[in-house]
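Engineer: Questions regarding the structure given below will be posed in turn.
The values are calculated or read from the model by the stated rules, or taken from the named source; none is laboratory data. Note that the coordinates shown come from a computational prediction; the quantities given were computed from them, not determined experimentally. Using ideal geometry, Cβ is built from the backbone for each residue, glycine included, and neighbour counts are taken over all protein chains shown.
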Amino acid sequence: MAIRLQYDNNTCEIGVYSKLTNAYCLVSSTSGSTNFFSGFASKLRGVIPIVMTSIGESGTIGTLCVGKKNGLLLPHTTTDQQVQHLRDSLPDRVLVQRTEEPLCALGNAIACNDYFALVHPKLEKETEEIITDVLGVEVFRQTIANNELVGSYCSLSNKGGMVHPDTKVEEMEELASLVQVPLVAGTVNRGSPAISAGLTVNDWTAFCGSDTTSIELSVVNSIFKPIESHPDFVIGDLRKPFIDTYV
Amino acid sequence: MSVMDQQSGMFKVQQTIGSVLCCKCGVPMPPNAANMCVNCLRSEVDITEGLQKSIQIFYCPECGCYLQPPKTWIKAQWESKELLTFCIKRLKNLNKVKLKNAEFVWTEPHSKRIKVKLTVQAEVLNGAVLEQSYPVEYTVRDNLCESCSRFQANPDQWVASVQLRQHVSHRRTFFYLEQLILRHDAASRAIRIQQVDQGIDFFFGNKSHANSFVEFLRKVVPIEYRQDQQLVSHDVKSSLYNYKYTYSVKICPICREDLVCLPQKVASGLGNLGPLVVCTKVSDNITLLDPRTLRCAFLDARQYWRSGFRSALTSRQLVKYFVFDVEPPVGEATVGGQKYALSYVQIARESDIGKMFYVQTHLGHILKPGDQALGYDIYGANVNDNEMEKYRLSVKNGLPEAILIKKCYDEHRERKQKKTRSWKVKKLPMEVDDSRGRVDPEKNEKEYEEFLRDLEENPELRFNISLYRNKDYQESETASMTDGEGAPSVPIEELLAELDLSAEEEEDDDEEDMAE
Ligand SMILES: [Zn+2]
Ligand SMILES: [Zn+2]
């Protein structure tokens, strides 16, 4: 079941202040209360590392970085200390890389799961190569419902994805064929189309902003299928990705 | 993909709008800005919140205007478009929403409430547009507008005057009109009423009052009028203009019982009527009867003023005749409810009993040998009328020697000693202005008596006016007056009780009655 969370007091854009992957979870260190962290901890403690950090001077880490189980891309605003801190805290197999991409809000520009990434159409060619190398994913330049900030309007896991509510049927079919998981058009935080701000997922958990209605929650559950108990098996290895054999 | 797209070489991907679940109730719906279905949106937000739902407006009952703050008074009819515009303009905060529709909800005019149903649109939650209807109640408070209250503070100051004139030698029309005005309470808003030579002046504190009075006149007599305005004062500071308005109203000079020789053009326009005709009735139109054929025609004010002909002879020139013989009627006709019979009669003037005339008359139904009658002595009179002269020259057999107008009851009346009637009429509070022309009280009194006699003799005239029971009249006389042979009198049932006359008015009336 997806879990409702709140960042400090009235903020339900939890995806802005966190980054969840199958291998680690980053939580903003700027939170005034411990509730935000413990919300993630209740579900993830003992399963994957939860790391508190900020990027540059900002706590909006979810919008600034992009990461998957194999890697983490940081914007050019990240300090050396922060890069070092993350390298120290994350498992060794996670590559931590700082990019020179002028669009520093990498989280808003890129949406990805462990195999595919949808990226902002105007992303630097160099950045695209880094994404391919560091995250080990196939990159598609796309828009979602006429928005270039594909990372903002899309949440992806290896099981499914949710996109902007205005996404047309044909467009959704195209996107689904690219990322090869089922997609649904939906909303979070009581009708908000800013999916990734209100929803952060990996293959077995989902966290939603506290304003998310039970209807929205049920849509999230049906597409991402988070599981109840601690998924011990995922630590060892994830599902054998069919894409490995495919490539 | 349409043929046109193919031709223009454009490739267009078909786009199908998807469906999302309403985030609140889960109903599938096309995405909108709030991603909430309309029902949920409504329950979520009230876009009419903060909009005025009830408001007080001021209305001047004197002139029927509504106050548009700070100082403008707007004239608007009940449930009119103007009133609706005014009502909407009075609402504050309405610019926060988009007005889509407004309509009146019916309310009793006496309830002093106006209800308007407004339909508004507003953006809610992330730009979704919601439409909602709600009622606004206006409480109407009476409040005199500036010009009306200025008038109330200084009631003698008139703003509009109606100068009513009839250019004839007698005032009978005005006596009759006075009764009509009283009956319809048409001049109750006049500040001052002044009797002048050939007319009456009415002064009003408000232009609209004068206006409605002229409208009333237009319905009861054939009139022609002109409106003038004159700047009285102009306050530069407040840019207030004070005008005085004058309505010059002319009443058609053709009166009942007048003899008219119609101009050739008018006569042929009326199907070769007359041209010698008698006016038998004046209301908002005039009724003309040809006494020799019993044909008649009606002329309204517009038709009359187009030619503007005059009377050849008027009731003051009526001459008394003795009736010697009345032949059986050769024709009958009913005009406006009044019966006429065409007969040949043998008559002689009272002044020259030796000269007999054999003429046609339309009074065959009431005349008997031995009666007296009033008529125009065309044989003896020196008629000073161009049309009559033209007609005289055009006919071989000459003009009729006499035209009888009505039966004369003088004989019967003289038999009665007392002049007291069983009824009386009210009078307008009229001042007499003799600065512009001498008013002869004796002549006036005589004409008034004639007018009262007319009322007695013509039930049709009484129809539109109110007669009141005269307390001074003794019952015993009733018997002698209704013995069949006497002059016509007013049946007692037609009289109104005097209940609605205040004591003060009664006194005035009594004094005047005594003076008669
Ligand atoms: Zn709903
Ligand atoms: Zn007024």
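Engineer: I'd like the full set of residues that are among the basic types (Lys, Arg) and more than 9 Å from chain A (Cβ to nearest Cβ), limited to the stretch B:11-46.
Structural biologist: B:Lys12, B:Arg42 - these are the residues of the stretch B:11-46 that are among the basic types (Lys, Arg) and more than 9 Å from chain A (Cβ to nearest Cβ).
Engineer: Cβ-Cβ under 8 Å, sequence separation 6+ or interchain: first residue in the stretch B:126-148 and in the same structural domain as B:Arg113 (by the TED database), partner in a helix (DSSP H, G or I) and surrounded by 18 or more Cβ atoms within 10 Å (Cβ to Cβ). Which pairs?
Structural biologist: Close Cβ pairs (under 8 Å, with a partner that is in a helix (DSSP H, G or I) and surrounded by 18 or more Cβ atoms within 10 Å (Cβ to Cβ)) amount to B:Ala128/B:Leu41; B:Leu130/B:Leu41; B:Val136/B:Cys87; B:Tyr138/B:Cys87.
Engineer: Next up: For the stretch B:52-71, what are the residues that are surrounded by 14 or more Cβ atoms within 10 Å (Cβ to Cβ), assigned to a loop (DSSP other than H, G, I, E, B) and either basic (Lys, Arg) or within 41 Å of the chain's Cα centre (by Cα) (or both)?
Structural biologist: B:Glu62, B:Cys63, B:Gly64
Engineer: If you don't mind, another one. Could you grab me the full set of residues in the stretch B:25-51 that are more than 12 Å from B:Val124 (Cα to Cα), surrounded by 14 or more Cβ atoms within 10 Å (Cβ to Cβ), away from ligand 1 (no atom under 11 Å from the Cβ) and not assigned by the TED database to the domain that holds B:Asn93?
Structural biologist: B:Pro31
Engineer: If you don't mind, another one. Restricting the search to the stretch B:22-48, which residues are acidic (Asp, Glu) and outside any helix (DSSP H, G or I)?
Structural biologist: Matches in the stretch B:22-48: B:Asp46 only.
Engineer: Confirm whether B:Gln346 is farther than 22 Å from B:Pro459 by Cα, more than 28 Å from the chain's Cα centre (by Cα) and not β-branched (Val, Ile, Thr).
Structural biologist: yes
Engineer: A further question on this structure: Being touching a Lys or Arg at 6+ places or on another chain (Cβ under 9 Å) and closer than 30 Å to B:Leu21 by Cβ is the filter here, so list the residues in the stretch B:40-90 that pass it.
Structural biologist: If the condition is that a residue be touching a Lys or Arg at 6+ places or on another chain (Cβ under 9 Å) and closer than 30 Å to B:Leu21 by Cβ, then B:Cys40, B:Leu41, B:Ser43, B:Glu44, B:Ile47 are the ones that fit.
Engineer: Right, another one. If you check B:Leu399, B:Leu404, which single one turns out to be more than 26 Å from B:Ser466 (Cα to Cα), modelled with pLDDT of 75 or more and not in a loop (DSSP other than H, G, I, E, B)?
Structural biologist: B:Leu404
Engineer: Pick out the one residue from B:Gly50, B:Gly64 that is within 16 Å of ligand 2 (Cβ to nearest atom), modelled with pLDDT under 85 and farther than 30 Å from B:Gln15 by Cβ.
Structural biologist: Of the residues listed, the single one that is within 16 Å of ligand 2 (Cβ to nearest atom), modelled with pLDDT under 85 and farther than 30 Å from B:Gln15 by Cβ is B:Gly64.
Engineer: Kindly indicate whether any position in the stretch A:145-152 is assigned to a strand (DSSP E or B), more than 12 Å from chain B (Cβ to nearest Cβ) and surrounded by fewer than 23 Cβ atoms within 10 Å (Cβ to Cβ).
Structural biologist: Taking every residue of the stretch A:145-152 in turn, at least one turns out to be assigned to a strand (DSSP E or B), more than 12 Å from chain B (Cβ to nearest Cβ) and surrounded by fewer than 23 Cβ atoms within 10 Å (Cβ to Cβ).
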